[in-house]
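Here the structure is laid out as C-alpha cells; the discussion comes afterwards.
The values are calculated or read from the model by the stated rules, or taken from the named source; none is laboratory data. None of these values were measured; they are calculated from a predicted model. Glycine also receives a Cβ, built like all others from the backbone with ideal geometry; neighbour counts cover every protein chain displayed. For accessibility, only protein heavy atoms count, side chains too; no ligands or nucleic acids. Shrake-Rupley method; radii C 1.70, N 1.55, O 1.52, S 1.80 Å.
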Amino acid sequence: MKVQRRIAGQRVRRRYHVRNRVRATGQLRLSVFRSNRNVSAQIIDDESGRTLVSASSLEGDLGGAGKPHGTVEVAKLVGKTLGERAVAAGIKKVAFDRGSYKYHGRVAAIADGVREAGVEV
C-alpha cells in the first residue's frame, strides 16, 4: 500500500473519531478548516444540521488583498471575530472540533481567539 494512501486513511479515521466524540456531548460544535493559505471556522448545530455562525480569513475585513492569510495572527483574528458573532447570536458554550488537525498553531489560535471573545470552548 502506498504511503500517501495510508496517511490519507489515517486522517479520515482521526477526523471521524474526533467528530463523533464531540457530537456525543450534545453541544454546539465549533468546526475548524485549515488549508495552506486560509483558515475558516463555523459553529454548527448538529440537531438541526445548520451553520449558526461562521468566519473565514477570506473575508475582506479579516484578510484583505495582498496580506498573508495563513498565519497564526490571522487565525486568532478569525477566532476572535467568530467569538464576537457567537456572543451576539447568544451562544455561550461550544465543543471544539479540530477535525484531523493537531491542536497546535493556527488551530489552537482559533480556539484562543474564541475564548478571548467570551465563549467557553
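Simple spin-label estimate for ARG50 and LYS92 gives 2.1 nm between the two label positions (7 Å along the Cα-to-Cβ direction from each Cα).
The mean accessible area for residues of the chain, using a 1.4 Å probe and ignoring ligands and nucleic acids, is 61 Å² per residue. Only aspartates and glutamates eight or more places from LYS102 in sequence, or on another chain, were considered; those with a Cα closer than 15 Å are ASP112.
With 0.36 nm allotted per residue and the present C-alpha distance subtracted, the GLN4-ARG37 stretch has 9.7 nm of extension available.
The packing ranking, built from the mean of other Cβ atoms within 10 Å per residue, places the peptides 34-46, 6-18 in the order 34-46, 6-18, highest first.
Across the stretch 29-34, computed HN-Hα scalar couplings (Karplus, 6.51 cos²θ - 1.76 cosθ + 1.60, θ = phi - 60°) run 10, 9, 9, 10, 10, 10 Hz from first to last residue, x flagging Gly and Pro. Within the listed set ALA108, ALA75, ALA55, the residue fluctuating most in the Gaussian network model of the chain (springs between alpha-carbon atoms under 10 angstrom) is ALA108. With both residues required to sit in the chain, DSSP beta bridges show an antiparallel share near 75%. With both labels modelled 7 Å from their Cα along Cα-to-Cβ, the VAL12 to SER100 distance reads 0.8 nm. The chain gives an Rg/Rh value of 1.00, both radii derived from C-alpha positions and Rh following Kirkwood. Computed from backbone phi with θ = phi - 60° and the Karplus coefficients 6.51, -1.76 and 1.60, the 3J(HN,Hα) list for the stretch 2-14 is 6, 4, 4, 5, 5, 5, 4, x, 5, 5, 5, 4, 5 Hz; x is used for glycine and proline.
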